[in-house]
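Mind looking over this structure? Questions follow.
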């Protein structure tokens, strides 16, 4: 069976954590389809591209793909905003890329999709024995969290149990990636319209790939 190669273009390098979510979703929906993902990191390329089409062209050259995932955030829990972000992405790409592009549009920011599993946070913070209550929002109110990145960073620092100088050395950005790596089941996110929209686009793109 052929392997599906995919590439993610994200808003920033910290959003590489979305690779874990994409991988999980592909494996869950297409369990027998081999896949291989690449994060398009343009930071070490001379004169890094600014607009999406230029990034896509470089991705074709340096990070070849069958499907391109493009990440942007939506500011509100309003499906019209999500559709607006999707339309912006489609408008910024040349038509021949549209059929193989999947838009990844978390509400607020990527960290919203990581505030779902206590055990993954404990492992990422390096303190599996943390026994206090970890205040994660209920899944249906997840997108109402105003500052999910700051909330996740605060939780990780608290759960680490570190104090003073050791706490100052703690790197919450690195720990966020460990949270994503340690979540084994992202299915609770299917309660969110933004996540369902992402998976619906993904299924259409993968099905087109399989029909070739």
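The values are calculated or read from the model by the stated rules, or taken from the named source; none is laboratory data. Computed from a predicted model, the values in this text were never measured in an experiment. For neighbour counting, all protein chains shown are included, and Cβ atoms are generated from backbone atoms with ideal geometry for every residue, glycine included.
Among the residues of the range 27-37, which ones are more than 13 Å from the chain's Cα centre (by Cα) and outside any helix (DSSP H, G or I)?
Here is the first cut: in the range 27-37, the residues more than 13 Å from the chain's Cα centre (by Cα) are 27-36.
Correct list: 30, 31, 32, 33, 34, 35, 36.
For (1) over 23 Å from residue 211 (Cα atoms); (2) in the same structural domain as residue 73 (by TED's automatic domain parsing); (3) assigned to a loop (DSSP other than H, G, I, E, B); (4) more than 13 Å from the chain's Cα centre (by Cα), each residue gets a yes or a no:
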{"residue": "17", "(1), (2), (3), (4)": "yes, yes, no, no"}
{"residue": "25", "(1), (2), (3), (4)": "no, yes, no, no"}
{"residue": "41", "(1), (2), (3), (4)": "yes, yes, yes, yes"}
{"residue": "48", "(1), (2), (3), (4)": "yes, yes, yes, yes"}
{"residue": "53", "(1), (2), (3), (4)": "yes, yes, no, yes"}
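Next question, about the same structure. Whether any residue in the range 7-15 is buried (at least 19 other Cβ atoms within 10 Å of the Cβ), touching a residue at least 12 places away in the same chain (Cβ under 8 Å), within 19 Å of the chain's Cα centre (by Cα) and more than 19 Å from residue 194 (Cβ to Cβ) is what I want to check. Break it down stepwise before answering.
Of the residues in the range 7-15, the ones buried (at least 19 other Cβ atoms within 10 Å of the Cβ) are 7-10, 15.
Remaining after also requiring touching a residue at least 12 places away in the same chain (Cβ under 8 Å): 7-10, 15.
Now narrow it down to the ones that are within 19 Å of the chain's Cα centre (by Cα): 7-10, 15.
Those left that are additionally more than 19 Å from residue 194 (Cβ to Cβ): 7.
Looking for residues that are buried (at least 19 other Cβ atoms within 10 Å of the Cβ), touching a residue at least 12 places away in the same chain (Cβ under 8 Å), within 19 Å of the chain's Cα centre (by Cα) and more than 19 Å from residue 194 (Cβ to Cβ), one finds at least one in the range 7-15, hence yes.
Please specify each residue of the range 179-190 satisfying the condition of being part of a loop (DSSP other than H, G, I, E, B) and buried (at least 18 other Cβ atoms within 10 Å of the Cβ). Full working, then the answer.
Looking only at the range 179-190, we keep the residues that are part of a loop (DSSP other than H, G, I, E, B), and these are 183-186.
183, 186 - these are the residues of the range 179-190 that are part of a loop (DSSP other than H, G, I, E, B) and buried (at least 18 other Cβ atoms within 10 Å of the Cβ).
Of all residues in the range 191-212, which are more than 26 Å from residue 1 (Cβ to Cβ) and assigned to a helix (DSSP H, G or I)?
Narrowing the range 191-212 to residues more than 26 Å from residue 1 (Cβ to Cβ): 191-197.
Residues satisfying the conditions are 191, 193, 194, 195, 196, 197.
Taking the criterion of being touching a residue at least 40 places away in the same chain (Cβ under 8 Å), on the phi > 0 side of the Ramachandran plot and either under 16 Å from the mean Cα position of the chain (by Cα) or in the same structural domain as residue 169 (by TED's automatic domain parsing) (or both), would at least one residue in the range 101-108 satisfy it? Even if it seems obvious, please write down each step before you answer.
From the range 101-108, those touching a residue at least 40 places away in the same chain (Cβ under 8 Å) are 101-108; that's our starting set.
Narrowing further to those that are on the phi > 0 side of the Ramachandran plot: 108.
Narrowing the set further to residues that are either under 16 Å from the mean Cα position of the chain (by Cα) or in the same structural domain as residue 169 (by TED's automatic domain parsing) (or both) leaves 108.
The answer is yes; a qualifying residue exists.
For residues that are in contact (Cβ under 8 Å) with a residue 12 or more places away in the chain and either surrounded by fewer than 16 Cβ atoms within 10 Å (Cβ to Cβ) or part of a strand (DSSP E or B) (or both), tally how many sit in the range 59-75. Give the derivation first.
Within the range 59-75, the subset in contact (Cβ under 8 Å) with a residue 12 or more places away in the chain is 59, 62-75.
From what is left, the residues that are either surrounded by fewer than 16 Cβ atoms within 10 Å (Cβ to Cβ) or part of a strand (DSSP E or B) (or both) are 62, 64, 67-71, 74-75.
Summing the residues that are in contact (Cβ under 8 Å) with a residue 12 or more places away in the chain and either surrounded by fewer than 16 Cβ atoms within 10 Å (Cβ to Cβ) or part of a strand (DSSP E or B) (or both) in the range 59-75 gives 9.
Then there is this: Residue under question is residue 64, and the condition is that it be at pLDDT 95 or above, closer than 30 Å to residue 2 by Cβ and within 18 Å of the chain's Cα centre (by Cα); does it hold? Spell out how you get there, then give the answer.
On the way: at pLDDT 95 or above: yes; closer than 30 Å to residue 2 by Cβ: yes; within 18 Å of the chain's Cα centre (by Cα): no.
Judged against the criteria, residue 64 is not a match.
Quick one: what pairs do we get from the range 83-94, first residue over 17 Å from residue 50 (Cα atoms), second in a helix (DSSP H, G or I), C-beta under 9 Å, 6+ apart or different chains?
Once the first residue is over 17 Å from residue 50 (Cα atoms) and sits in the range 83-94, its partners that are in a helix (DSSP H, G or I) give 83/197; 86/197; 86/201.
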